[in-house]
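Heads up: the structure comes next, in structure tokens.
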Amino acid sequence: MKTSLKIVVDNGAYNIKAGIIGADDGTPRIIPNAVVRSKGDKTTYIGHEITKCEDHSSLHYRLPFEKGYITDWDAQKAVWDGMFSAELLNVDTSEASLLITEPYFNLSNLQDIYDQFIFEEYEFQSYYRCTPASLIPHGNLFTLPDLGSPECMLVVDSGFSFTHVVPIMNGEIVWSAVKRIDVGGKLLTNQLKELVSFRQWNMMDETYIMNDVKESCCYVSTDCKRDMEICRTDPKSNAIVQEYILPDFSLNRSGRVRQPGGSLDESYQILCMNNERFMVPEIIFRPDDIGLEQSGLAATIATSISQLPEEVQGMFWANIGLIGGNTKFAGFHERLMSELRTLAPGDCEVVLYPSNEPITEAYQSAVALAKRPDFAQRVVTRAEYLEMGSNACRRKFHDWKPIEKDLSKGRDPGKTKTGRAREDEEDDGSPSVKRGTRAKGKGRATGRRQV
């Protein structure tokens with residue numbers, strides 16, 4: 001099937017990476033996936049509009065994602081509407097094909113809503129839905145000179161909500177060995193807010209500022225006990241302590257790390273970052289520090305590989321890729337390598353492939369997939385959806401659930417002619433979600449919460 005446009009959307013819980021094939025192949029548009037209310041100018045900003053906000057103090061975030069899954073579809077639709085509008089991508093969705101990512105272990109009823117939004121709200125001609133890690137084999141993360149992508153690889157995706165360890169064999173995810181650690185960027189930011197609020201300034205309402213502090217100051221320690229001893233011996237003056245100058249939005253002055261020897265104005269408010277710099281990212285490697293009864297990242301990788309066929313385990317140890325925003329912490333690669341070497345079998349080589357652009361790596365891989373000649377065979381067309389409903393998507397999109405034998409018999413029972421499920425029959429114990437409006441994707445969704 002030929003389409004005039006192909007749109008790629010890596011729909012992350014924190015940022016959306018979106019672009020049009022042929023126009024945004026190199027650098028995607030990065031859109032905050034949130035609806036934000038500023039207490040300073042009393043204005044609501046939706047998605048890409050957040051860049052226009054000048055007063056980032058005490059921002060109230062309304063996030064479409066909760067615990068890794070879309071639960072507020074009104075907020076998500078509002079962000080998508082702005083993304084497709086003339087202000088950003090400027091596309092007519094009814095004349096385009098879409099490749100979009102979904103969370104790992106996505107729930108069936110949420111997948112149905114994805115399908116309904118894509119085909120009924122936005123009327124795309126066709127679309128393909130998959131997880132971020134499943135795109136990596138099509139990209140260049142593991143590519144070496146004169147060699148293609150390996151048949152066996154393991155992708156560590158450490159994002160906003162969770163950290164996933166995803167083994168891939170012959171281009172397909174081995175779902176029985178996929179592992180999840182309940183630590184992501186959101187938890188790290190919240191932990192830093194609590195530490196700073198207890199020890200220095202009250203920053204519990206300053207999510208935006210503390211996220212910038214985390215990205216600017218934090219690092220992964222290669223020797224946590226040594227660094228803790230340094231901080232304990234001389235808390236105020238040591239090689240680790242770093243001063244962050246808090247922003248003053250009344251003067252349009254952004255926050256920044258104070259450079260050694262830099263002058264200080266009397267009006268500056270200083271945040272002193274000591275052992276918080278490395279103890280917050282340490283949670284990825286030691287979740288039990290905050291009471292999570294889970295193994296750290298290195299042990300989780302070892303457990304995942306141990307559940308794979310023994311004859312190919314060595315190939316997984318030699319092909320471990322790192323994507324996701326948390327892998328950008330300084331020292332992440334070195335710390336993970338040192339721990340994995342102690343866990344790997346003696347006859348196995350451990351090789352890590354850190355991405356140069358871990359936030360956009362899945363998007364770049366998606367672009368490569370969308371350009372392949374066989375991409376048209378992977379998508380579900382609108383005609384197929386109108387005939388079979390979400391069964392067409394379940395049959396074509398491989399995910400963690402086994403394919404039922406009766407999926408090809410026709411549309412879902414309980415579907416209306418437009419493909420919507422009868423809401424009064426959707427009581428399967430899964431988390432409730434807020435549904436979007438029935439607009440055709442041209443305007444914004446209502447800003448009111450549904451209860």
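For the reader, a short list of remarks on this structure follows.
- FRET efficiency, 1/(1 + (r/R0)^6) with R0 60 Å, evaluated for residue 398 and residue 200 via beta carbons: 0.75
- Its residue count N sets the reference 2.2 N^0.38 Å, and the alpha-carbon radius of gyration of segment 46-109 equals 1.33 times that reference.
- Using a Förster distance of 22 Å, the FRET efficiency for residue 347-residue 170 (Cβ separation, nearest 0.05): 0.40
- Since only 136, 83, 190 are under comparison, the one whose Cα sits farthest along the positive direction of the charge dipole of the chain, derived from C-beta charges on Lys, Arg, Asp and Glu, is 83.
- Tensor-based shape of segment 1-109 (alpha-carbon gyration tensor, a/c under 1.5 rounded, otherwise prolate or oblate): oblate
- Two-decimal log10 I(q)/I(0) for segment 238-346, as the Debye equation yields it once each C-alpha is a single scatterer, q = 0.13 Å⁻¹: -0.68
- Translational diffusion coefficient of segment 153-284 (Stokes-Einstein, Kirkwood radius from Cα pairs, 10 °C, 1.306 mPa s): 95 µm²/s.
- Local electrostatic count at residue 128 - Lys and Arg +1, Asp and Glu -1, tallied over other residues with Cβ under 9 Å: +3
- Relative contact order, percent, the chain [alpha-carbon distance under 8 Å, six or more residues apart]: 19 percent
- With K and R counted +1 and D and E -1, the other residues having a Cβ less than 15 Å from that of residue 168 yield a net charge of -4.
- Surface accessible to a 1.4 Å probe, residue 56 within the full protein complex, Å²: 20 Å²
- Using alpha-carbon coordinates, inclination of helix 207-217 to the longest axis of the chain, degrees: 60 degrees
- Heavy atoms of residue 73 accessible to a 1.4 Å probe, total area in Å² rounded to 10: 0 Å²
- A crude spin-label estimate for the pair residue 383 and residue 151, with each label 7 Å from Cα along the Cβ direction, gives 3.8 nm.
- Only the Cβ atoms of Lys and Arg (+1) and of Asp and Glu (-1) were treated as charged; on that basis the dipole of the chain about its Cα centre amounts to roughly 1020 debye.
- 282, 95, ranked by accessible area, largest first (probe 1.4 Å): 95, 282
- Only helical runs count toward this figure. For the chain, summing -39,500 (n - 2.57) over DSSP H runs of n ≥ 4 and dividing by all residues gives -7500 deg cm²/dmol at 222 nm.
- For residue 384, the solvent-accessible surface with a 1.4 Å probe is about 50 Å², rounded to the nearest 10.
- Zone of residue 234's modelled label, taken as backbone nitrogen in segment 254-273 under 16 Å from a point 7 Å along Cα→Cβ: 260-261
- Angle between the chain longest axis and helix 361-370 axis [Cα atoms, degrees, rounded to 10]: 20 degrees
- Residue list for segment 355-379, given a label point 7 angstrom along the Cα-to-Cβ vector of residue 25 and an amide N cut-off under 14 Å: 364-373
- Rounded to the nearest 5, the antiparallel percentage of DSSP beta bridges internal to the chain is 70%.
- Backbone N under 20 Å from the residue 264 label point (7 Å along Cα→Cβ), restricted to segment 180-213: 196-203, 210, 213
- Cα-based helix-to-principal-axis angle, 224-233 vs the chain, degrees rounded to 10: 40 degrees
- Each peptide among 354-364, 9-19 gets the average number of other Cβ atoms lying within 10 Å of its residues, and from highest to lowest they stand as 9-19, 354-364.
- Each of 349, 172 has its accessible area taken with a 1.4 Å probe; listed largest first, they run 349, 172.
- Entry note, segment 272-383: relative contact order of 23 percent, from Cα contacts under 8 Å with a spacing of 6+ residues.
- Normalised by 2.2 N^0.38 Å, where N is the number of residues, the C-alpha radius of gyration of the chain stands at 1.03.
The values are calculated or read from the model by the stated rules, or taken from the named source; none is laboratory data. Here the structure is a predicted model, which is why all the values come from computation and not from measurement. No Cβ is skipped: glycine too gets one built from the backbone with ideal geometry, and neighbour counts run over all protein chains shown. To get the accessible areas, we keep the full protein, side chains included, count just its heavy atoms, and leave off ligands, DNA and RNA. Shrake-Rupley method; radii C 1.70, N 1.55, O 1.52, S 1.80 Å.
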